[in-house]
Amino acid sequence: TQVRTAEDPAGKPLAIDGSIVLVEPDIELYELGAGGMQEPRKAWTEAARRLYPQAARELLQADNSAIFLPEGSADVGAQSFRAIVAEGAIAPQLKDMSIQSGVGIIGSVIASGRAEFVNDADHDPRGVQIAGTPLESDERLMVAPLRAGKAVKGAMAVWRKAGRPFRDSELEFLV
């Protein structure tokens, strides 16, 4: 058992209303397939893909969230990504859009591999309007790359309309 204290950027303990318990799961995430290759357990993978954006949206008090993975069968060096799951009022529009690596805020995070938040997405030169959605003021976007080892395989994105700006501690949570 390890006990750790969460700290803010200044090194002071974070005040938490309630308690947080992290339990190391004893769950088989992979099955040994034909040829001795490890394959992800389908039920676990599907549940995680479905529930992670929902939990992130709720915990971060966000309006929308999505997980973007490579389109089609592309994986290594993928250039085009699509939301495999999305939560919130604009979920259908998020699932319809295609993200290009290096284009827009999400595409920039995929290309660079560095998580970031943008608290004034309206004025960020990388900003891309999501087709079928109204132009919003004070839109905030936080994006974290999804990795397999050192390779970026996609991104998790969370949006807020107005409200409080994203903070470093929330980005650390998403990463």
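The values are calculated or read from the model by the stated rules, or taken from the named source; none is laboratory data. Here the structure is a predicted model, which means the values were calculated and not measured. All Cβ positions, glycine included, derive from the backbone under ideal geometry; neighbour counts span all protein chains shown. Ligands, DNA and RNA are excluded from the accessible area calculation, which covers all protein heavy atoms including side chains. Shrake-Rupley method; radii C 1.70, N 1.55, O 1.52, S 1.80 Å.
Rolling a 1.4 Å probe across the protein heavy atoms gives the range 43-175 an accessible surface of 52 Å² per residue.
A simple spin-label model places pseudo-atoms 7 Å from Cα toward Cβ; at Lys161 and Ser80 they are separated by 3.0 nm.
Global size of the range 68-166: 12.9, 38 Å for Rg and Dmax (C-alpha atoms, Rg to one decimal, Dmax whole). When the trypsin sites (Lys or Arg not before Pro) in the range 52-123 are filtered for DSSP coil states and for at most 15 other beta-carbon atoms within 10 Å of their beta-carbon, the remaining sites are Arg114.
Normalised by the residues of the range 64-175, what does the relative contact order come to in percent, with Cα pairs under 8 Å and at least six apart? RCO, the range 64-175: 26 percent. Projected onto its three principal axes, the C-alpha set of the range 109-175 covers 37, 27, 18 Å, listed from the longest axis down. Spin-label model, Arg147 to Val175: label points 7 Å out along the Cα-to-beta-carbon direction sit 0.9 nm apart.
Take the Cβ-Cβ distance between Asn119 and Leu59 as r, set R0 to 22 Å, and report the resulting FRET efficiency rounded to the nearest 0.05. The value I calculate is 0.75.
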